Amino acid sequence: MPDKVFEEIKNLITEARNPASEDIDSKTSLEIVQIINNEDKTVPYAVEKELPYVAQAVDLLVDAFKNGGRLFYIGAGTSGRLGVLDAAECPPTFGTPPEMVQGIIAGGMKALVEAQEGLEDLAELGAQDIEAHGVTEKDVVCGIAASYRTPYVLGAIEKAKELGARTLYVTCNPRSEVERKVKVDVAICPVVGPEVVMGSTRMKAGTATKLVLNMLTTASMIRLGKVYKNMMVDLMMTSRKLEERSKRTVMMVTGVDYEEATRVLKEAGGHVKTALVMILAGVDAQRARQLLEESDGFVRQAIEKIQKKN
């Protein structure tokens, strides 16, 4: 009698054989990477079909962030690592506090560098991790599981719902299959098809997941005013590269030279947004901060406030 898990995975698209790569073990190096590349090209189109759902999720996240909520990604293996990666990149990119977007992976931080695969089978561990992070009704929990059936992630989602949090799910199996098993506020289901190496969801499924997570946080941060035009203006000057990028941004937006950008940034406490408003609105740092506060952090609106008065 086949095992329950065998029965669960045997019909999953993410566990199917890919006819385009059935003879890949007999190919040259160039032929192998051509096959992989051809399959990778299909991923953005699968994600494109899910954009209405991604947008729904962004709206939900923006509402949560504006009301003091946080985003928690939770997953196992590759899915968990991608969530932790996206969360870790938010503070330096958008100047967010580390607690605003958090990544939880089965097995904890050790699992980032050393596989802890058996832990994905423990639904109770997922629930425990959600409780340990103090999830509340203000928060959003985004489960990530290429196969959708990962017990650790399902347990986390159920516990999050019990606590009143809103829920998202990112998976690479069809919505019709997912919705029979998972009830969430928004499911995002880019179906990328069988992997080049059967079941190796770190490949196309991982790529699709990365694209979706990029959009979730980037679009949310744009909606929160952390981008002016198409430039990062809430970045943290935590490295020499970011210091110089900050100066370059001020120079590009305002037309001032390097020395002036350096001087104004120093007066602005290293805050690019404040420096931009200081220069473009012709005000001091204190007034620039006030204008930004009155404009919910949006540089464009802060500048328009002064222009309307003039």
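Here are the numbers:
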read-out: Where labels lie 7 Å past Cα in the beta-carbon direction, separation of MET251 and ASP284 in nm; value: 2.8 nm
read-out: Choice from VAL253, VAL186, VAL113 showing the highest fluctuation, given a GNM over the chain with Cα pairs closer than 10 Å; value: VAL113
read-out: Convex hull volume per residue in cubic angstrom - Cα atoms of region 113-263; value: 174 Å³
read-out: Length-normalised contact order for region 121-202 - Cα pairs under 8 Å, 6+ apart - percent; value: 29 percent
read-out: Length-normalised contact order for region 228-309 - Cα pairs under 8 Å, 6+ apart - percent; value: 23 percent
read-out: For peptides 128-138, 85-95, sequence by mean Cβ density within 10 Å, most packed first; value: 85-95, 128-138
read-out: Placed amide H near CYS142: partners under 5 Å, 5+ positions off or other chain; value: PHE72, TYR73, ILE74, LEU168
read-out: Nearest-ten-degree value, helix 258-267 long axis tilted from longest Cα axis of the chain; value: 90 degrees
read-out: The chain: angle of helix 29-40 to the longest principal axis, Cα-based, in degrees nearest 10; value: 70 degrees
read-out: Members of LYS226/LYS247; LYS210/LYS247; LYS159/LYS183; LYS66/LYS183; LYS138/LYS273 lying beyond 20 Å, as alpha-carbon distances in this model show; value: LYS210/LYS247; LYS66/LYS183; LYS138/LYS273
read-out: Euclidean distance between Cα centres, region 42-59 to region 248-310, Å; value: 34 Å
read-out: On Cα atoms only, tilt of 77-94 relative to the major axis of the chain in degrees; value: 0 degrees
read-out: Length-normalised contact order for the chain - Cα pairs under 8 Å, 6+ apart - percent; value: 19 percent
read-out: Span per principal axis, largest first, for the Cα atoms of the chain (Å); value: 78, 50, 35
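Only the coordinates and a few stated rules stand behind these numbers; no lab work does. Remember, it's a predicted structure, so these values are computed and weren't measured experimentally. Virtual Cβ from ideal backbone geometry, glycine too; neighbours counted across all protein chains shown.
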